[in-house]
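A short write-up of the structure that comes next.
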Ligand code: GAP
């Protein structure tokens, strides 16, 4: 059973240190969230799983980590300065602002007034000044998507890796959008993270690769514990396509607030490299690109047989980390009846995503020998490098189990007096709640088996 409501997830996230409203002690800022001690681990684990599958387990992808502050020229050429807008309306009665396309019956959701302004385009990019003098002339944007610096680095990557198509470049990082109405917890926020792959292919082979990536990405989400029947493919209508896309398939997930986009897989054609390249007239660029008079570099590849240069097409799977976290939490959240009188909340996260991989609990907190033994076990397991192992040296055993069920720790290991005599510990499985006694010599293997 997944979470009943968004409120339950929000409450668990705050109670157990996953996600907090940002700037909370000063009243908070809408659309900004902070990841707490458990949230940062979960987020890192999801990003690592993506990087592992996109870069390490493939032989055709490189990684990059580019700057967030972006030159206005880049975002002019990419089309964002001119088209990255949402329709904005003001309510003349209560002075609130809304996205026109999200209003029901053209009335203000705050005061129900119908006295609204005409809608006008509102650019979603954040600007900031760069350098010591803020006279408005030297500004940069906070990137609205992570991929543009992959395109502008195309030649650097080619030259430094000797890659040829098909190959991809992966990046995980922050993106910023001044959303008019951020909402639904971490679903639509103003500062978020994306995991993007730009996969460069030969024109003509783009559709085959597009289909390939849609299927790969669906499979990956299922591997993160998302149930297949809550995922759907949605062919974006031609009228709704972004300016760069020939075809986009969105992976939709049944979030607690409804079915919405988790990831988009776009066929960006030769738009981006074509738009950022110098000497555009030398290539048969298929898409409608912005004229470029500033680029110093040819972003093309040579056909070694024909000795001609051409601009590759790009297939882009672009996933939101925060939406991924919301989906994963929603899937993992369960309220279970333990017996007649008791229930428990448990996060049945896939072990590789669990913020804490194992909790080591000394049964007597004031017994030095037991505590030292527990510390040794913790350090040994930590050295295996599978993620954070925690020494749980507070509270009683019942409270510890409850807490670790709620943060999704796959195993709890308890050290007690018997341990000191026979080198065995009690291990408790999160999902079955079964407990068994195992010898210290077998503990490393037992633990590792959870993560294979
Ligand atoms: N480079 C392509 C691109 O940025 P997008 O569909 O605008 O495409 C890709 O964004 C993904 O980024 C979305 O599927 C979503 O998961 C995430 N995303 C976009 N806007 C977001 C927002 N305001 N808050 C949280 N995640 C967002």
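A compact table of results
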| quantity | calculated |
| --- | --- |
| Candidate set from region 435-452 (those that are free of Cβ contacts under 8 Å to residues at least 40 places away in the same chain and closer than 18 Å to residue 350 by Cα); member that is surrounded by the fewest Cβ atoms within 10 Å (Cβ to Cβ) | 452 |
| Total residues in region 291-332, condition within 16 Å of the chain's Cα centre (by Cα) and away from the ligand (no atom under 15 Å from the Cβ) | 1 |
| Enumeration of residues in region 231-256 that are more than 13 Å from the ligand (Cβ to nearest atom), over 18 Å from the mean Cα position of the chain (by Cα) and outside any strand (DSSP E or B) | 237, 238, 239, 246 |
| Among the candidates 284, 279, residue that is away from the ligand (no atom under 16 Å from the Cβ), more than 26 Å from residue 51 (Cα to Cα), out of contact with any helix residue (DSSP H, G or I) (no Cβ under 6 Å at 6 or more places or on another chain) and free of Cβ contacts under 8 Å to residues at least 24 places away in the same chain | 279 |
| Region 50-81, subset part of a helix (DSSP H, G or I) and within 16 Å of the ligand (Cβ to nearest atom), residue nearest to residue 156 (Cα to Cα) | 74 |
| Answer residue from region 372-395, given it is without any contact (Cβ under 8 Å) to a residue 40 or more places away in the chain and in a helix (DSSP H, G or I) and is nearest to residue 328 (Cα to Cα) among those | 382 |
| Enumeration of residues in region 182-211 that are more than 21 Å from residue 353 (Cβ to Cβ), touching a strand residue (DSSP E or B) at 6+ places or on another chain (Cβ under 8 Å) and either part of a helix (DSSP H, G or I) or within 10 Å of the ligand (Cβ to nearest atom) (or both) | 182, 184, 190, 191, 198, 206, 207, 209, 210 |
| Whichever residue in region 396-416 is assigned to a helix (DSSP H, G or I) and touching a helix residue (DSSP H, G or I) at 6+ places or on another chain (Cβ under 7 Å) and, among such residues, is surrounded by the fewest Cβ atoms within 10 Å (Cβ to Cβ) | 406 |
| Residues (part of a helix (DSSP H, G or I) and either surrounded by 16 or more Cβ atoms within 10 Å (Cβ to Cβ) or without any contact (Cβ under 8 Å) to a residue 40 or more places away in the chain (or both)) located in region 9-36 | 9, 10, 11, 12, 13, 14, 24, 25, 26 |
| Any hit, region 43-59, residues being surrounded by fewer than 15 Cβ atoms within 10 Å (Cβ to Cβ) and either farther than 17 Å from residue 172 by Cα or touching a helix residue (DSSP H, G or I) at 6+ places or on another chain (Cβ under 6 Å) (or both) | yes |
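Every number in this text was worked out from the coordinates using simple rules, so none of it is lab data. Since the model is a prediction, treat every value here as computed from it, not as a measurement. Virtual Cβ from ideal backbone geometry, glycine too; neighbours counted across all protein chains shown.
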